[in-house]
Amino acid sequence: MFTKMASKKVKHIHHLTDDGNDILDVNLDIEKSYVIRFSLNYRAFIDGKWCTIYRVDNYHNFLHEQRFWISEEQFPLEEEERIYTNNYLVELYSERIALNCQEPPP
């Protein structure tokens, strides 16, 4: 008899700036403390509307990023996918997004 693996979906919103105009949406599919699939979406409130700026995920069976200020094209991240675990990739890209999102000057 097969037993189903314990899995869970985790979703949360991380505010990147004090004004709340920059947000990181985090979506994780976790099995036995390992991230199986994930997406990190950076969006910003610009000119009265929410705009998706950047996304990195592995929901299409490969790790890729999308730079929406350029196009919706998916750019594969083959080297990172080959050498890093998904758990590490979530930390790495969350930190990169947070560091590249800067609070506007007063």
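The values are calculated or read from the model by the stated rules, or taken from the named source; none is laboratory data. The model shown is predicted, which means the values in this text are computed figures rather than measured ones. Here the Cβ is made from the backbone with ideal geometry for all residues, glycine too, and neighbour counts use every protein chain on show.
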query: Are any of the residues in region 25-40 within 21 Å of H12 (Cβ to Cβ) and touching a His at 6+ places or on another chain (Cβ under 7 Å)?
result: yes
- prompt: How many of the residues making up region 32-43 are more than 11 Å from the chain's Cα centre (by Cα) and modelled with pLDDT of 95 or more?
  reply: 3
statement: Note on region 15-31: residues under 11 Å from the mean Cα position of the chain (by Cα) and in contact (Cβ under 8 Å) with a residue 60 or more places away in the chain are L24, V26, L28
- line: Reported set for region 6-25 where residues are part of a strand (DSSP E or B) and touching a helix residue (DSSP H, G or I) at 6+ places or on another chain (Cβ under 7 Å) is L24
query: Among the residues of region 35-63, which ones are touching an Asp or Glu at 6+ places or on another chain (Cβ under 8 Å), part of a strand (DSSP E or B) and surrounded by fewer than 19 Cβ atoms within 10 Å (Cβ to Cβ)?
result: V35, I36, R37, S39, A44, F45
- prompt: Any chance region 72-80 includes a residue that's hydrophobic (A, V, I, L, M, F, W, C), in a helix (DSSP H, G or I) and without any contact (Cβ under 8 Å) to a residue 40 or more places away in the chain?
  reply: no
- prompt: What number goes with the only condition from (1) at pLDDT below 95; (2) touching a Pro at 6+ places or on another chain (Cβ under 8 Å) that E72 does not pass?
  reply: (2)
